[in-house]
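Below: one structure, written as structure tokens.
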Amino acid sequence: MLNRVILIGRLTADPELRYTHSGTAVGGFTLAVDRPRTNQHGERETDFIQIVVWQKQAEVVAQYLKKGRMAAVDGRLQTRSYENKDGQKVRVAEIVAESVRFLDSGHRDASPRTNSTASPKNTSPKQSTGASYGDDPFGDDPFGDDLPDLGDDMPF
């Protein structure tokens, strides 16, 4: 079986970075991807696709990508559901990124962005003052904490 998605688009907002209760970094952003064909009015329609990125890669994405930057995402489609505040079941489809490539230089502001939810280098993620994934309306960490360590060999 195969579950692979490759997307190229622009970020609709700055990425968010959070940490699970166990200290694993998890980031998210929305990628605007134009459809290849125009509609009956001659306009291109755009899909807005939710991207989830984990561990060291999530921290790098949150530090260097900004709204409007172009990125390529290689990952897998994942669906999950949760119960919202009104008790209604909500289904979510998102792409879990295996790699994120920065496709434009971002030369307008080449310095890395600071993120208030990112942990300082000498502080463990569990001590961060940022929001945890458990604060997200999608519920507690639905992916578990048994993720492989990406190490320093990032694919981008």
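The values are calculated or read from the model by the stated rules, or taken from the named source; none is laboratory data. Since the model is a prediction, treat every value here as computed from it, not as a measurement. Cβ: placed from backbone, ideal geometry, glycine included. Neighbour counts: every protein chain shown. Heads up: the accessible areas ignore ligands, DNA and RNA and are worked out on the full protein's heavy atoms, side chains in. Shrake-Rupley method; radii C 1.70, N 1.55, O 1.52, S 1.80 Å.
Structure notes:
- Gain upon complete extension [A93, L2; 0.36 nm per residue less C-alpha separation]: 31.1 nm
- Cα-based shape type of segment 1-69, given that a ≥ b ≥ c are square roots of the gyration tensor eigenvalues and the cut on a/c is 1.5: prolate
- Rounded accessible area per residue of segment 1-99, 1.4 Å, Å²: 58
- Segment D47-A72, length gained on full extension (0.36 nm per residue, minus Cα span): 7.5 nm
- Relative contact order of segment 25-88, pairs being alpha-carbon contacts under 8 Å that are 6 or more residues apart, as %: 32
- Apportionment of accessible area to carbon and sulfur, segment 34-80, percent (1.4 Å): 46
- Rounded to whole Hz, the Karplus (6.51, -1.76, 1.60) HN-Hα couplings of segment 47-53, x for glycine and proline: 9, 10, 10, 6, 10, 10, 9
- Residue ranges 65-72, 36-43 sort as 65-72, 36-43 when ordered by packing (mean number of other C-beta atoms within 10 Å per residue, highest first).
- Segment E83-H21, length gained on full extension (0.36 nm per residue, minus Cα span): 20.4 nm
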